[in-house]
Each structure stands twice: as C-alpha cells, then as structure tokens.
Amino acid sequence: PEPFEFGIFRVNHDAAEALGAESLKEETSLNASAGFAITPAENFNLAVDAFFIDLDDRIVMTTELSGEEVEAVLRSSGEPSVVAVRYMTNAIHTETKGVDVTASYRFPLAEVGTLDLSGYYNYTDNKVFDDEIQTPPELQGKDVALFDYAFEGGLLAMTKERPRWRGGFSALFTGARLSLTGKAHLYGPYRSTLYSYDAGAEQKFGEEVLFDAEIGYRLPRGVKLAIGAKNLFDNYPDLLNEDNGFLVFPYPPASPFGYNGRYVYARAEVRFGR
C-alpha cells in the first residue's frame with residue numbers, strides 16, 4: 001500500500017559500485033549446431049536441427065537488492081530516498097541446448113487443388129550454473145542475494161518460465177477459388193512465481209492447445225477476401241493461485257501465447273500485374 005523508490009543504476013554509479021557493480025565486459029559463447037534435411041518421398045520434406053549454446057559472462061540484471069544494510073549504503077552514496085537497487089552484471093553462465101524438427105507433405109488433389117500438411121516440434125532446455133555465481137565482496141555478510149530464485153526475471157524465470165517443448169500442425173487447402181487453413185499449436189508446461197517473490201508460491205501451468213482457422217475466396221481481377229480467427233476457441237492460460245499475483249494479476253505474464261483470448265479478423269488481398 002505504500003509506494004517506494006528503487007533505482008536501476010548504471011554500473012559506474014556510486015551506489016551501484018558500493019554494492020558490487022563492475023564495468024561490463026563482452027559475453028563469450030561457444031555455439032555448435034548440426035542437422036540434416038531429406039526428401040524421402042516425392043512431395044515430402046523433413047529437417048532436423050540440433051543446437052548447443054554455452055554462454056559465459058552473460059549480461060543480466062541483478063535481483064532487487066534491499067534491506068537496512070543496503071539502504072545504509074544508498075544513503076552514504078547520495079541516494080537517501082532510494083530503498084532498493086538493481087544493476088547489470090556479467091555474473092551468469094548459462095547453457096542452452098535443443099532440437100528443431102519440421103516436416104511438410106503436399107497432396108495433389110487432381111483438378112480440385114492441393115493440400116499442404118506441415119508440422120514442427122521444438123525442445124529447448126536452459127540451464128544456469130548457479131553454483132558459479134560469485135557474490136561481490138561488497139554484498140557478503142549483508143543477507144542479500146545477487147540473484148533471487150523467485151524474483152521476477154530471476155533464476156526460475158531463466159530456466160523454467162518457458163515451455164521446454166512446443167509443437168504445431170497445419171493444413172492448407174488451396175483450390176482455384178477457395179482456400180481453407182487450420183492450425184493447431186501445442187505448448188508444454190512451465191512454472192512461474194511472478195509477482196509473488198516467494199519461492200514457496202512456485203506454480204506449475206499445464207499444457208495448452210490452441211487452434212487457428214481461416215477461409216478465403218479469390219475473386220476475379222486478383223482480389224482475395226478472407227476471414228479467420230487466432231485462438232479460435234478463446235483459450236486462456238491457467239489462473240494464478242491466491243499466493244501468486246498479489247490478488248491483482250489473474251494470468252501469468254509468462255504465458256507463451258499471451259492472455260488476450262480469441263482474435264478475429266478479416267482481410268483483403270489485391271495482386272497487381274500477371
């Protein structure tokens with residue numbers, strides 16, 4: 001109920017330096033990828049790509065550093081009205097690995113048209129080597145964590161706030177005049193403690209499936225009209241529980257498909273020339 005002031009300070013600010021901030025340096029990374037693409041049958045394509053990214057000295061923002069000892073440092077650094085501070089730092093070492101799979105098949109339907117089927121799958125795993133995080137000497141003994149597990153944008157957000165897997169399937173029929181499109185999007189589970197700042201309030205959000213649809217018709221003279229809907233069945237993510245969201249935010253901001261529900265549209269397409 002009482003507002004307070006906190007600062008996101010540049011690393012050479014007196015208050016940030018007094019709390020352990022140092023000049024930023026370049027991130028270093030090791031990247032490796034491998035894959036293949038094949039056409040095992042006519043009109044059928046399959047591609048598989050694997051990737052690995054090891055990122056050291058990753059630039060991220062600290063958690064909100066606060067407490068009586070931090071406030072004392074801020075006062076002595078010329079910021080008497082500020083009660084908490086954040087700054088950028090190179091303190092994180094992360095590893096990202098995963099695989100992408102895509103496939104497509106085209107069915108010729110005689111003189112009626114064509115049917116294009118496609119699908120994709122992605123698996124991505126993010127790991128933070130939190131045992132390598134070094135607390136600056138200026139913060140040691142102050143009961144302050146450089147990175148809090150549950151804080152917004154903290155360690156949980158880096159590793160579990162996005163689904164490890166997602167996939168999709170689409171079908172497109174194209175005729176001389178008529179076109180029909182249907183899509184399904186699948187999202188795996190994820191976790192979040194957003195807006196609670198309490199690791200005990202960590203909440204799991206389950207798998208979700210969303211559907212899109214569109215119908216179009218091509219008129220003479222290169223004009224095409226279409227109507228469609230994204231998230232056709234008006235799906236929303238699971239609600240935040242009572243220990244999450246300060247009883248203010250109903251949906252997790254980390255939702256991979258947002259929380260705006262169905263989107264309906266109409267569009268016109270005009271082609272010029274041949």
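Is at least one residue of the stretch 113-121 at positive phi and open to solvent by less than 70 Å² (accessible area, probe 1.4 Å)? Steps first, answer last, please.
So in the stretch 113-121, the residues at positive phi come out as 113.
Applying the additional criterion that residues be open to solvent by less than 70 Å² (accessible area, probe 1.4 Å) yields 113.
Yes, there is a match, as at least one residue in the stretch 113-121 is at positive phi and open to solvent by less than 70 Å² (accessible area, probe 1.4 Å).
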Worksheet item: Of the numbered conditions (1) exposed (fewer than 12 other Cβ atoms within 10 Å of the Cβ); (2) modelled with pLDDT under 95; (3) part of a loop (DSSP other than H, G, I, E, B); (4) not small (G, A, S), P40 satisfies every one except a single condition; which is it?
Response: (3)
Item to complete: Answer yes or no: is there a residue in the stretch 18-37 that is at pLDDT below 95, surrounded by 15 or more Cβ atoms within 10 Å (Cβ to Cβ), in contact with a strand residue (DSSP E or B) (Cβ under 7 Å, 6 or more places away or on another chain) and not in a loop (DSSP other than H, G, I, E, B).
Response: no
Item to complete: Among residues belonging to the stretch 239-274 that are open to solvent by 80 Å² or more (accessible area, probe 1.4 Å) and under 24 Å from R166 (Cβ atoms), point out the one that is modelled with the lowest pLDDT.
Response: F249
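Are any of the residues in the stretch 44-58 in contact with a helix residue (DSSP H, G or I) (Cβ under 6 Å, 6 or more places away or on another chain), at pLDDT 90 or above and either open to solvent by less than 50 Å² (accessible area, probe 1.4 Å) or of a type in the set (D, E, K, R) (or both)?
Start the filter on the stretch 44-58 by keeping residues that are in contact with a helix residue (DSSP H, G or I) (Cβ under 6 Å, 6 or more places away or on another chain), which leaves none.
Checked against the condition, which is being in contact with a helix residue (DSSP H, G or I) (Cβ under 6 Å, 6 or more places away or on another chain), at pLDDT 90 or above and either open to solvent by less than 50 Å² (accessible area, probe 1.4 Å) or of a type in the set (D, E, K, R) (or both), the stretch 44-58 yields no hits at all.
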Worksheet entry | Residue check, F211 open to solvent by less than 100 Å² (accessible area, probe 1.4 Å) and not in a strand (DSSP E or B) | no
Discussion item. Cβ contacts < 9 Å: first residue under 10 Å from V85 (Cβ atoms), restricted to the stretch 7-20; second residue polar (S, T, N, Q) and surrounded by fewer than 18 Cβ atoms within 10 Å (Cβ to Cβ), any location; separation 6+ or different chain. Result?
Written reply: A15/S76; A18/S76
Item to complete: Kindly indicate whether any position in the stretch 181-200 is at pLDDT 90 or above, surrounded by 15 or more Cβ atoms within 10 Å (Cβ to Cβ) and outside any strand (DSSP E or B).
Response: yes
Worksheet entry | Test: N90 is modelled with pLDDT of 95 or more, in contact with a strand residue (DSSP E or B) (Cβ under 7 Å, 6 or more places away or on another chain) and under 30 Å from K127 (Cβ atoms) | no
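Residue under question is A72, and the condition is that it be of a type outside the set (S, T, Y), without any contact (Cβ under 8 Å) to a residue 40 or more places away in the chain, open to solvent by less than 60 Å² (accessible area, probe 1.4 Å) and not in a strand (DSSP E or B); does it hold? Can you show your working first?
Values: of a type outside the set (S, T, Y): yes; without any contact (Cβ under 8 Å) to a residue 40 or more places away in the chain: yes; open to solvent by less than 60 Å² (accessible area, probe 1.4 Å): yes; not in a strand (DSSP E or B): yes.
Yes.
From the set of residues in the stretch 201-238 that are acidic (D, E), in contact with a Lys or Arg (Cβ under 9 Å, 6 or more places away or on another chain) and within 30 Å of E161 (Cβ to Cβ), which is modelled with the lowest pLDDT?
In the first step, residues of the stretch 201-238 are kept if they are acidic (D, E); the result is 202, 207-208, 212, 214, 234, 238.
If we keep only those that are in contact with a Lys or Arg (Cβ under 9 Å, 6 or more places away or on another chain) as well, we get 202, 212, 214, 234, 238.
If we keep only those that are within 30 Å of E161 (Cβ to Cβ) too, we end up with 202, 212, 234, 238.
Values: E202: 77, D212: 98, D234: 97, D238: 90.
The extreme case among them is E202.
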Worksheet item: Residue check: is E2 more than 23 Å from Y149 (Cβ to Cβ), acidic (D, E), in a loop (DSSP other than H, G, I, E, B) and without any contact (Cβ under 8 Å) to a residue 40 or more places away in the chain?
Response: yes
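Whether any residue in the stretch 128-142 is under 30 Å from L46 (Cβ atoms) and either at pLDDT 95 or above or under 20 Å from the mean Cα position of the chain (by Cα) (or both) is what I want to check. It would help to see each step written out before you state the result.
Initially, the stretch 128-142 is screened for residues under 30 Å from L46 (Cβ atoms), giving none.
No: the stretch 128-142 contains no residue that is under 30 Å from L46 (Cβ atoms) and either at pLDDT 95 or above or under 20 Å from the mean Cα position of the chain (by Cα) (or both).
The values are calculated or read from the model by the stated rules, or taken from the named source; none is laboratory data. Bear in mind that the values here come from a model prediction, so they are computed numbers and not experimental data. Reconstructed Cβ throughout: ideal geometry from the backbone, glycine too, with neighbour counts over all protein chains shown. These area figures cover heavy atoms from the full protein model, side chains too; ligands, DNA and RNA do not enter into them. Shrake-Rupley method; radii C 1.70, N 1.55, O 1.52, S 1.80 Å.
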